Amino acid sequence: MCHMDKLIAISILILISAVAVSAQPLYITCAAYGLYPSSFTHVIIWLQLNNVTTPNGLYYLLQQQYYNPQSPYFHKFITPQQFSEWYSPPQYVFTYIENVLQSNGLSILGTYPMAIVASGNASAVDGALSALSSAPQQISQWIIAGECVPIGYFSKGLRYKPEYIYVPMDSAVRAALNAKNFTYLGGVPAQLKIRNFEVWLPRGLQYIYDEMPLLSQGINGGGVKIGIVDAFGDVNFTLAEQGVYQNTASNDLDLFDKVFGLPPANLTVIYPVGVPTVTPFNYGDALGWSYETALDLEYAHTMAPGASLVLAVSPDAGDDLFIAVEYLINNSMVDFISLSWGLPEDVVLAPPPTPQLLRAYDEVFMQAAAEGIGVFAASGDWGAFDIFWQYFGLPIEPSVIYPASDPWVTAVGGTSLQAYMANGNIVRVESAWNWNAYYMWGSGGGYSFFFNETPGQLIARIAYERPVIYEPTLSELYGYKYFFYTVGHRGVPDVAADADPFTGVLIAINGSLSGLWGGTSLATPLTAGMTATVQSGLSTRIGYLAPTLYLMYSKYGKGVYQWNTSISAWSLFQGLGGALFPTFGGENGLYNVIVGSWNPVDGLGQLNVYGLYSALR
């Protein structure tokens, strides 16, 4: 066994030991949220997968698929049917739980390898959860958690935050856009430069991320499907105010394409767990998620103009989001999934801790990886911190967000993307989207409380800039000094892309242009779209992207990067070498960029689309 194989084997054993810890099932009732008994809700029963840690089990398969180039299983993926057959709990578990749910008056919405979803009133949900809490051991041993998911009561239950930042577009920016006062790079209308704003246009992003050589060959994402999962979708604001739900995503995407000269998009909209209901409780949040949806669709389409898009809409911003993700995976509907939302991990760790939920969600992403579906998730917009605690009179503290912290997801951080012409050349510099203590924003990054470093991060020997971190809010909540020891934990992010709102973008929303927009909600669909374009020119399926990049880095070191910052305008039509662009400096409030190496600000760096394609061909 070579040194790398030993490292990977050790990492897999660490992952197994972390997940194999047994725990009593967690039950979260509707009564705990203060819902009326007649309130309409969903319930999710999360189940433990089978044969995960056994010899030749799921962990072994994933290691062979992504980290062992000599394996016959390397980048050979399984079907949903195989996954269900090999890794689902026994059928009698599903039968028992479904009978309990239905006997309490609930309707089954979906059954998946690791979850059963049903709907009904809050009283029926709590009755079913009570019955399951006393289920026999041969059933309860397979249950990770059972939870009430409120519908239409947005202030209740777990809430996932869209990871975008908005800076209002002033009259000068709007006037420059209307006058088409563009900055051209290599003949491409790339930017609007107004005062301290450097607004990127879609063709400019294609150009500066070295995608033009592929697009000119017809390699544009054709034949690839990208899934976008958001709550509510892109709602009609006027109708939503009247309590009427209408999704305008297709109309806004059409407008975006017309304004910026992109080809028409092939968009499918689905509702895996039901159509949203707009109520006085969730009206404002439905509007907020509309901007998220438009940003996700429009910039995934920008970087993969030939790819098909599938928008999976959740009726709430709670755990139905994960069921929407699972629906795409279990039905083989997409090749890649972009997730621009998250929840700080320290919220899950705060008393009473609920780590069972992360364990449950993790199984969804394991299935995606095993089936060769690459998932990308935003690393967050609060720098190295969870700043939400300040609204409760508590201090901000270091925390990464989930699902970016999941070990089977490619986490995407944020940069500030700048370029200009000098002496006939283009100067291209991408630095970190720095922490700004006034705006309280910056590239999310750090280390997971719950998950160990991935095998790829182990072989790449990622840095642990701060081995010990003090957590002031957890200290106050627990009543003792809470220190987090980061060494050996999963580092976030893996890669990065443009996210600084001052180098941000415009979106089409409810029939008009809006901006300026940034955040890792921009970086994530950009990266998913870039990967989809690369995939469309390859015969081998990429799947979960991060391991590919870590293996490249471990083999080539700093040679994996395109280091030139001053390049001829024409070279971005011919293509540059190097699978990645490095991040040239910056910080996120706690950690610093390490140029040419992984760091907990921007990961390994940014994708060079042509260079990555050339390396994988």
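Check whether at least one residue in segment 66-77 is more than 17 Å from ALA145 (Cβ to Cβ), modelled with pLDDT of 95 or more, part of a helix (DSSP H, G or I) and not β-branched (Val, Ile, Thr), and report yes or no.
The answer is yes, given that some residue of segment 66-77 is more than 17 Å from ALA145 (Cβ to Cβ), modelled with pLDDT of 95 or more, part of a helix (DSSP H, G or I) and not β-branched (Val, Ile, Thr).
ARG490 - would you say it is part of a loop (DSSP other than H, G, I, E, B), touching a residue at least 24 places away in the same chain (Cβ under 8 Å) and of a type outside the set (Phe, Trp, Tyr)?
no
Does at least one position in segment 357-379 carry a residue that is over 19 Å from ILE323 (Cα atoms) and in contact (Cβ under 8 Å) with a residue 12 or more places away in the chain?
Within segment 357-379, one or more residues are over 19 Å from ILE323 (Cα atoms) and in contact (Cβ under 8 Å) with a residue 12 or more places away in the chain.
Mind listing just one residue for me: the one in segment 449-468 that is touching a Pro at 6+ places or on another chain (Cβ under 8 Å) and closer than 19 Å to LEU343 by Cβ and, of those, least open to solvent (accessible area, probe 1.4 Å)?
Only one residue tops the list, namely PHE451.
Helices (runs of 4 or more DSSP H) wholly in segment 495-589 with at least 3 residues that are crowded, with 24+ Cβ neighbours inside 10 Å - which ones?
520-536, 545-556
Of the residues LEU177, LEU205, LEU253, which is in contact with a Leu (Cβ under 9 Å, 6 or more places away or on another chain), open to solvent by less than 40 Å² (accessible area, probe 1.4 Å), at pLDDT below 95 and assigned to a helix (DSSP H, G or I)?
One residue alone meets the criteria, LEU177.
Anything in segment 315-340 that is of a type outside the set (Val, Ile, Thr) and under 11 Å from ILE228 (Cβ atoms)? List them, or say none.
ALA324, LEU328, PHE336, SER338, LEU339, SER340
Could you say whether any residue in segment 180-191 is open to solvent by less than 10 Å² (accessible area, probe 1.4 Å), part of a loop (DSSP other than H, G, I, E, B) and touching a Gly at 6+ places or on another chain (Cβ under 8 Å)?
Within segment 180-191 (the criterion being open to solvent by less than 10 Å² (accessible area, probe 1.4 Å), part of a loop (DSSP other than H, G, I, E, B) and touching a Gly at 6+ places or on another chain (Cβ under 8 Å)), the answer is no, since none of the residues qualifies.
Among strands (runs of 3 or more DSSP E) lying entirely in segment 94-169, which contain 2 or more residues that are open to solvent by 10 Å² or more (accessible area, probe 1.4 Å)?
In segment 94-169, 107-112, 115-121 are the strands (runs of 3 or more DSSP E) which contain 2 or more residues that are open to solvent by 10 Å² or more (accessible area, probe 1.4 Å).
Does segment 440-448 include one or more residues that are within 21 Å of GLY586 (Cβ to Cβ), surrounded by fewer than 22 Cβ atoms within 10 Å (Cβ to Cβ) and more than 22 Å from the chain's Cα centre (by Cα)?
Scanning segment 440-448, I find no residue that is within 21 Å of GLY586 (Cβ to Cβ), surrounded by fewer than 22 Cβ atoms within 10 Å (Cβ to Cβ) and more than 22 Å from the chain's Cα centre (by Cα), so the answer is no.
Restricting to segment 388-411, name every residue that is part of a loop (DSSP other than H, G, I, E, B) and crowded, with 18+ Cβ neighbours inside 10 Å.
ILE396, SER399, VAL400, PRO403, ALA404, SER405, ASP406, PRO407, TRP408, VAL409
Restrict the check to segment 279-289 and report whether at least one residue is among the β-branched types (Val, Ile, Thr) and either under 15 Å from ASP234 (Cα atoms) or at pLDDT 95 or above (or both).
no
Can you tell me which condition MET333 does not meet? The list is (1) open to solvent by 10 Å² or more (accessible area, probe 1.4 Å); (2) assigned to a strand (DSSP E or B), and all the others hold.
(2)
The values are calculated or read from the model by the stated rules, or taken from the named source; none is laboratory data. All values reported here derive from a predicted model rather than from experimental measurement. We place every Cβ from the backbone using ideal geometry, glycine too, and count neighbours over all the protein chains shown. Accessible surface is based on the protein model in full, side chains and every heavy atom, while ligands, DNA and RNA are left aside. Shrake-Rupley method; radii C 1.70, N 1.55, O 1.52, S 1.80 Å.
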